[in-house]
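Quick notes on the structure that follows.
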Amino acid sequence: MKKGRIWIIIIAIIALLVLWFVKLNNRMVAAEEKAVQAWSQVENVYQRRSDLIPNLVAIVKGAADFERGTLEAVIEARAKATSVTVDPSNLTEESMAAFQSAQDNLSQSLGRLMVVIERYPELKANQNFLELQAQLEGTENRITVERRSFNETVQSYNTLIRKFPNSIIAGIAGFEKKAYFKAAEGADKAPVVEF
């Protein structure tokens, strides 16, 4: 009779450990899926910005004597930004850095374009241009919101898989830490404004 109870206790302990492992694995899968979904939202808003750029370029091309180099830089930066893709299941520091660099380059090119446009009153008076400019500004705000949401989601996921004893199960099941969006280099320094 004693041997029977010992086996029942051993089987109960094993069953509890298996249930705990399954439940924890499912939490990690759900957290990883949430991070992938958040990444999809980030890509979605970057795609929206990319889709607006050809319309903006078409309107700006209509302006007489507009600097071709500025437009070509925007077109080239857009092409590079859309060519860099990241596998959401493998968000490494390197892949995130490459993606972020391409997107930052596009943002800088757009910024230079907007500065040059200030010299063209006919563009500033063009209703289509003004609407596109407002959409781009709204999209930049959406990008900021989605990047923050993504970082929060990744933080929750990374915390879950790195806590003990979760880290043991994460290692066995192949869950890996995901990378964050980081501020652009030099963002910690205030820009110099000269008049």
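Values in this text are rule-based calculations from the coordinates and carry no lab data. It should be emphasised that the depicted structure is a prediction, and the values quoted were computed from it without experimental measurement. Every residue, glycine among them, receives a Cβ derived from its backbone with ideal geometry; neighbour counts consider all protein chains shown.
Taking GluC sites (Glu not before Pro) as exposed when their DSSP state is a loop state and no more than 10 other Cβ atoms lie within 10 Å, the longest site-free interval of the chain runs over 1-117.
Compared with the alpha-carbon gap, the fully stretched path from Leu19 to Ser89 is longer by 22.6 nm at 0.36 nm per residue. Can you match Cα extents along the principal axes in Å to one of these, [x] 97, 32, 23; [y] 65, 39, 28; [z] 100, 27, 26, based on a calculation from the structure here? From the options [x] 97, 32, 23; [y] 65, 39, 28; [z] 100, 27, 26, the structure gives [x].
Under the rule of -39500 (n - 2.57) per DSSP H run of 4 or more residues, summed and divided by the residues of the chain, what mean residue ellipticity at 222 nm is obtained, to the nearest 500 deg cm²/dmol? Can you show the working numbers first?
On the way: 6 runs with 149 residues, N = 195.
It lands at -27000 deg cm²/dmol.
For the pair segment 141-158 and segment 106-133, the centres of their Cα atoms are 29 angstrom apart. In the distance distribution for segment 70-178, Cα-Cα pairs more than 19 Å apart total 60 percent. Between their Cα atoms, which of Lys23/Lys182; Lys2/Lys23; Lys80/Lys178; Lys34/Lys163; Lys80/Lys177 are more than 21 Å away from each other? Listed pairs above 21 Å: Lys23/Lys182; Lys2/Lys23; Lys80/Lys178; Lys80/Lys177.
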